[in-house]
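The values are calculated or read from the model by the stated rules, or taken from the named source; none is laboratory data. Worth saying up front: this structure is predicted, and the values here are computed from it rather than measured. Here Cβ is always computed from backbone atoms with ideal geometry, including for glycine, and neighbour counts include all displayed protein chains.
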Amino acid sequence: MPRVTVHLLRHGEVFNPDAVLYGRLPNFHLSERGRAMADLVAEHFAAAADDAGAPVYLVASPLTRAQETAQPTAVALGLEIVTDPRIIEAENHFEGMKVRKSELIKPRHWRYFLNPLRPSWGEPYAAQAQRMLAAARDARRRAWEIGGDGAQAVMVSHQLPIWAARRSAEGKRLWHDPRNRECTLASLTTLTFDGDDVVDVSYREPAAVLLPGAATTPGA
């Protein structure tokens, strides 16, 4: 079966001076650091093209921060950005709020903590993994149609959906400690497909030099 790699790219840092959990809210743009992160990712793909070839298909979440992260890669590789709503951020009851203890302990939120394994405060992890992997398989097929065996695709998405997809692809339980996610800003979680099956998962941080001091708002 043909092998194709699909890179799940988390967006860069967002300008969020109020430190809210912005979730699916519109018009949250990349910060200056975030734009620099996106540029480094584009440079990474362009530099790797001589050895492994360049991605031939580029998909992004409809949210502003994902579209802006995809733009430098689109320019560098001469690709169109295809928007896929399946790779959007997870739904979350706390969207738009400042997630801090004084807010979380309010009685009106208690019912959302009944089942942290699902989780009960937002979109189920299983649903996120399912939609992300379905989108990744479609991206794999489209990349193969364009570039054949060994082709690459990029999907620009968000931390939690990427992490849920990775854990599902690795056959691991989906519930987890959010503090332990290996999915930093502008990182690449790469799925290698043999046909429709994921046979390898790898991880890189092309913008690692810009991570010190970057925003760490939960759920971003």
| So, in segment 1-23, of the ones that are at pLDDT 95 or above and outside any strand (DSSP E or B), which residue ends up nearest to the chain's Cα centre (by Cα)? | H11
| In segment 120-167, which residue that is in contact (Cβ under 8 Å) with a residue 40 or more places away in the chain and polar (S, T, N, Q) is farthest from S187 (Cα to Cα)? | Q152
| task | Kindly indicate the residue of segment 146-162 that is β-branched (V, I, T) and surrounded by 18 or more Cβ atoms within 10 Å (Cβ to Cβ) and also nearest to A48 (Cα to Cα) among those meeting that condition. | result | V154
| message | Let me confirm something: among A139, A165, A143, A214, which residue is in contact with a helix residue (DSSP H, G or I) (Cβ under 8 Å, 6 or more places away or on another chain), surrounded by 20 or more Cβ atoms within 10 Å (Cβ to Cβ) and either under 19 Å from I81 (Cβ atoms) or not acidic (D, E) (or both)? | response | A165
| task | Go through (1) touching a residue at least 40 places away in the same chain (Cβ under 8 Å); (2) surrounded by fewer than 17 Cβ atoms within 10 Å (Cβ to Cβ); (3) farther than 25 Å from F28 by Cα and name the single condition Y112 misses. | result | (1)
| remark: E68 fails exactly one of (1) assigned to a loop (DSSP other than H, G, I, E, B); (2) within 17 Å of the chain's Cα centre (by Cα); (3) among the acidic types (D, E), namely (1)
| query | Can you pull out the residues in segment 86-117 that are part of a loop (DSSP other than H, G, I, E, B) and among the aliphatic types (A, V, I, L, M)? | reply | I88, A90, M97, V99, I105, L114, L117
| said: Quick check on T184: is it among the polar types (S, T, N, Q), assigned to a strand (DSSP E or B) and either more than 13 Å from the chain's Cα centre (by Cα) or closer than 21 Å to A60 by Cβ (or both)? | reply: no
